[in-house]
1. Would you please name the trypsin sites (Lys or Arg not before Pro) within region A:22-106 that are DSSP coil residues with at most 11 other C-beta atoms within 10 Å of their C-beta?
2. Interface B/A, total buried accessible area with a 1.4 Å probe, nearest 100 Å²?
3. Please list, ordered by chain and number, the residues whose modelled amide H lies under 5 Å from the amide H of B:Asn56; skip anything fewer than 5 residues away on the same chain.
4. Provide a whole-number value for the mean count of partner chain Cβ atoms within 10 Å of the Cβ atoms in peptide A:27-40.
5. How big is D, in µm² s⁻¹, for region A:63-112 by Stokes-Einstein at 25 °C and 0.890 mPa s if Rh is the Kirkwood radius over C-alpha pairs?
6. Given C-alpha coordinates of region A:4-111, what is the ratio Rg to Rh with the Kirkwood estimate of Rh?
7. Could you pull out every one of the aspartates and glutamates with an alpha carbon less than 17 Å from that of A:Lys99, ignoring same-chain neighbours closer than 8 positions?
8. Count neighbours as other Cβ atoms within 10 Å of each site's Cβ, and list the chymotrypsin sites (Phe, Trp or Tyr not before Pro) in region A:39-69 that are DSSP loop with at most 14 such neighbours.
Amino acid sequence: QKEVEQDPGPLSVPEGAIVSLNCTYSNSAFQYFMWYRQYSRKGPELLMYTYSSGNKEDGRFTAQVDKSSKYISLFIRDSQPSDSATYLCAMTGGTGGFKTIFGAGTRLFVKA
Amino acid sequence: EAGVTQSPTHLIKTRGQQATLRCSPISGHTSVYWYQQALGLGLQFLLWYDEGEERNRGNFPPRFSGRQFPNYSSELNVNALELEDSALYLCASSPVATGELFFGEGSRLTVL
């Protein structure tokens with residue numbers, strides 16, 4: 001079993017839709033949870049960084065962490081064609097130190 | 001503020017040769033991470049350096065090695081190159097042990 005599971009997609013939605021991206025993990029020691037966006041042939045860009053369970057909102061993006069279920073989500077409201085990218089969940093902390101583990105990434109296409 | 005810079009952008013080598021990739025972290029960041037992103041695969045953790053010391057290592061053979069210099073820049077060396085080493089190599093830096101990674105644009109290594 002992988003430490004972090006993420007559906008690779010692709011996920012295709014119309015412009016303006018609400019997008020839900022999810023990851024599950026197995027290591028209960030993870031403490032910090034992140035979402036990155038990666039455009040083709042570019043390095044990943046940090047979108048959201050959260051610690052502990054709960055919600056964090058930043059503009060059109062909301063990150064949700066449920067430690068009891070080992071489940072994290074990223075919601076994108078009013079999705080735009082410019083949101084088309086690969087979204088990677090990542091987590092770190094705990095007994096593994098700060099070796100950040102990434103999900104496989106979900107490819108998102110937002111159609112105009 | 002300058003971001004993480006990596007060089008070279010592209011590198012072409014043949015099997016059995018050695019490759020050296022370089023990374024300069026964001027000013028003030030002491031941790032440097034290296035990841036391999038092969039085509040269609042997620043980010044695989046290679047190495048983590050902090051304050052000049054190797055702190056953690058991913059599941060890669062010893063021919064992948066690196067170091068961190070006193071100015072916190074880092075280099076990744078790959079010896080005895082194999083075809084499957086062809087990938088995008090990403091460097092990231094982090095403020096002191098937060099797990100929050102800031103990536104460079106990567107070095108694309110092609111092994112022929």
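The values are calculated or read from the model by the stated rules, or taken from the named source; none is laboratory data. What you are looking at is a predicted structure, and each value in this text was computed from that prediction instead of being measured. FYI the Cβ positions are ideal-geometry reconstructions off the backbone, even for glycines, and counts take in every protein chain you see. Just so you know, the surface numbers come from the protein's heavy atoms only, side chains and all, with ligands and any DNA or RNA stripped out. Shrake-Rupley method; radii C 1.70, N 1.55, O 1.52, S 1.80 Å.
1. On the way: sites: A:Arg37, A:Arg41, A:Lys42, A:Lys56, A:Arg60, A:Lys67, A:Lys70, A:Arg77, A:Lys99; in loops: A:Arg41, A:Lys42, A:Arg60, A:Lys67, A:Lys70, A:Arg77, A:Lys99.
Counting only loop positions with at most 11 other Cβ atoms within 10 Å, the trypsin sites (Lys or Arg not before Pro) in region A:22-106 are A:Arg41.
2. 1500 Å²
3. B:Trp48
4. Details: counts 0, 0, 0, 1, 1, 3, 1, 3, 0, 4, 0, 5, 0, 0.
The mean count of partner-chain Cβ atoms within 10 Å per residue comes to 1.
5. Roughly 192 µm²/s, to the nearest whole number.
6. 0.96
7. Excluding near neighbours in sequence, the set is A:Glu3, A:Glu5, B:Asp50, B:Glu51, B:Glu53, B:Glu54, B:Glu100.
8. Filter output for region A:39-69: A:Tyr39.
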